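A short worksheet on the structure shown next.
A short reminder: the numbers here are calculations on the coordinates, not readings from a lab. This is a predicted model, so every value here is computed, not measured. Backbone-built Cβ (ideal geometry, glycine too); neighbour counts: all protein chains shown.
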Amino acid sequence: MTYTVIIAEDDPLQARLLEQLCTEEGLLVVGAVSSGRRLIDEVTAGRPDLVIADITLKRQDGISAVREMIGDGLAPVVILVSGSVDPEHLLAGYDIAAVDYVRKPILRARFQQAVDRAKARVDARRRAAALPEQVNFITCKVRYRDLQFAEPELLYAERTMLRKTKVVLSDGTHFLTSTPLHDIQVQCSERIVFSHRSYLVNTARIAAIETVPGGSRRNYEITLIGCPVKVPLTPTYYGECRQQMESFAGRPL
């Protein structure tokens, strides 16, 4: 089975080492870049299975480049490599759902472990993509009439101050319904979960989960593919939301 990879490393010696290690692990290197901007361009054009990226790149750092790709609907499996021991970098890697974080100097056994994890995630995505998808339809009451839409069209639903539910769909349309959030969720598959007591979110549409700085509690924000609105995610719902996001990663919408 072939696994394609693009390497992003601005140090030529480290880039050659990574290319050698990738080849030894059975990965097909289809590109090597030294800047975050080029990484975005190459991934957009080549759609590799994996990205192995240093954090400190030219023009744009690796983490922000991956975030931008996720926002554009690209979701390669990511391994971060860095000499940094900054906890914020480790946390950022977790926020972008990197499969592993390998510290420099790179040890062969440690790199092999990261690649094995990355291959397992790629395999899981391929299996999920091969499964037949049964489209589920959701019914909501809008002005005393039933309105139906396919579950994959849902981005998120929000309880409003008017005791109504605002439903936002992937084509940009939205409407208010008298159907409560819980009554919507019971019609859905497991991919539609609460991210907050006032929000339902389609985990198949999640591009990224990021921490919200400040405050005594750790809270998060969800970026959805094709949606400018950030959806809140509280610690209570974090585990299920991330689990479902990773479970459905790569499955057709």
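Select from T56, T211, T173 the residue whose mean-square fluctuation is largest in a Gaussian network model of the chain (Cα-Cα springs shorter than 10 Å).
T173
Below 30 Å, Cα to Cα, which lysines can K141 reach? Residues fewer than 8 away in the same chain don't count.
Counting by Cα, and skipping residues close in sequence, K141 has these lysines nearby: K164, K166, K230.
For the range 1-83, what percent of Cα pairs sit more than 16 Å apart?
Roughly 42 percent, once rounded to a whole number.
Using a Cα-Cα cut-off of under 18 Å, which aspartates and glutamates could be cross-linked to K58, ignoring same-chain neighbours fewer than 8 residues away?
In chain and number order, the partners are E9, D10, D11, D41, E42, E68.
Using Cα springs under 10 Å in a Gaussian network model of the chain, which residue among P152, P48, P87 shows the largest mean-square fluctuation?
Residue with maximal mean-square fluctuation among P152, P48, P87: P87.
Tell me the angle of helix 36-46 to the major Cα principal axis of the chain, expressed in degrees between 0 and 90 and rounded to the nearest ten.
Taking Cα atoms only, the helix is inclined about 70 degrees.
How fast does the range 79-129 diffuse by Stokes-Einstein, in µm²/s, taking the Kirkwood radius from C-alpha pairs at 37 °C and 0.692 mPa s?
Estimated diffusion coefficient is 280 µm²/s.
Counting only residues 5 or more places away or on other chains, whose amide H sits under 5 Å from the amide H of V33 once H atoms are built in the peptide plane?
HN-HN under 5 Å from V33: I7, A8, E9.
DSSP beta bridges in the chain, what fraction antiparallel, as a percent rounded to 5?
60
Under a point spin-label approximation (7 Å from Cα along Cα-to-Cβ), what is the L147-R47 distance to one decimal in nm?
3.3
Under the Karplus relation 6.51 cos²θ - 1.76 cosθ + 1.60, θ = phi - 60°, what is the ordered set of whole-Hz ³J(HN,Hα) values for the range 12-21, x standing for Gly and Pro?
x, 5, 5, 5, 5, 4, 4, 5, 5, 5
Give me, ordered by chain and number, the residues 5 or more places off V212 or on other chains with an amide H under 5 Å from its own placed amide H.
For V212, the qualifying residues are N219, Y220, E221.
Taking amide H positions as placed 1.01 Å from N in the peptide plane, with prolines and chain starts having none, which residues 5 or more places from Y3, or on another chain, fall under 5 Å of its amide H?
L28
How many angstrom lie between the C-alpha centres of the range 13-58 and the range 96-154?
22
As a test of the formula, what do you get for the chain when each DSSP H run with n ≥ 4 contributes -39,500 (n - 2.57) and the sum is divided by the residue count, at 222 nm and rounded to the nearest 500 deg cm²/dmol?
-10500 deg cm²/dmol
Which shape class, rounded, prolate or oblate, goes with the range 1-47 when its Cα gyration tensor gives a ≥ b ≥ c as root eigenvalues, a/c under 1.5 marks rounded, and past that a/b bigger than b/c marks prolate?
It is oblate, given that a/c is not under 1.5 and a/b is not larger than b/c.
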